[in-house]
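Step one of this worksheet: look at the structure below.
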Amino acid sequence: MSTYLISFPGPAMRVDPEDLPQVSADADAATREARDAGVLVFAGGIDNAVGPVMVAADGTVTEGTYPQTREFDGGFTVVDVESREEALRWAARFARACRCPQEVREIR
């Protein structure tokens with residue numbers, strides 16, 4: 001089994017406000033399918049109302065994220081599957097549900 005992160009940045013999801021309830025229901029259904037299939041490790045979305053902080057090795061906390069990266073503010077799912085191809089099939093399922101492309105990365 002291999003573990004994959006399936007994710008998208010918040011701005012990638014361009015959905016009309018009246019469609020949000022259906023998108024949410026579809027995303028919940030896709031997550032339930034992954035759980036029922038026994039491949040779901042974790043799924044969630046970043047709370048845009050709470051800004052990120054950086055914590056240094058000495059415990060110093062500063063507002064913001066790495067300067068060279070843009071903030072990650074979308075949603076993500078972690079799946080544990082037999083193959084990359086299976087991860088890509090799940091990514092396609094989440095892309096349909098969320099109405100936006102999904103990035104797939106293997107976790108080591």
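No lab work stands behind these numbers, since they all come straight from the coordinates. Just so it is clear, the model here is predicted, and its values are computed rather than measured. Note that we place each Cβ from the backbone using ideal geometry, even for glycine, and neighbour counts take in every protein chain shown.
For region 44-108, the set of GluC sites (Glu not before Pro) satisfying both a DSSP loop assignment and a count of at most 10 other C-beta atoms within 10 Å is given as 82. With neighbour counts taken as other beta-carbon atoms within 10 Å, the residues 50, 81 rank, fewest first, as 50, 81.
Using Cα atoms only, what is the angle between the long axis of helix 84-98 and the major principal axis of the chain, expressed in degrees (0 to 90) to the nearest 10? Roughly 80 degrees, rounded to the nearest 10.
For a quick check: sort 13, 1, 54 by the number of other beta carbons within 10 angstrom, fewest at the front.
Working: 13 17, 1 9, 54 12.
Arranged by neighbour count, lowest to highest, 13, 1, 54 become 1, 54, 13.
Compute the angle between helix 20-36 and the longest alpha-carbon principal axis of the chain, please, reported from 0 to 90 degrees and rounded to the nearest 10. Tilt relative to the chain: about 70 degrees.
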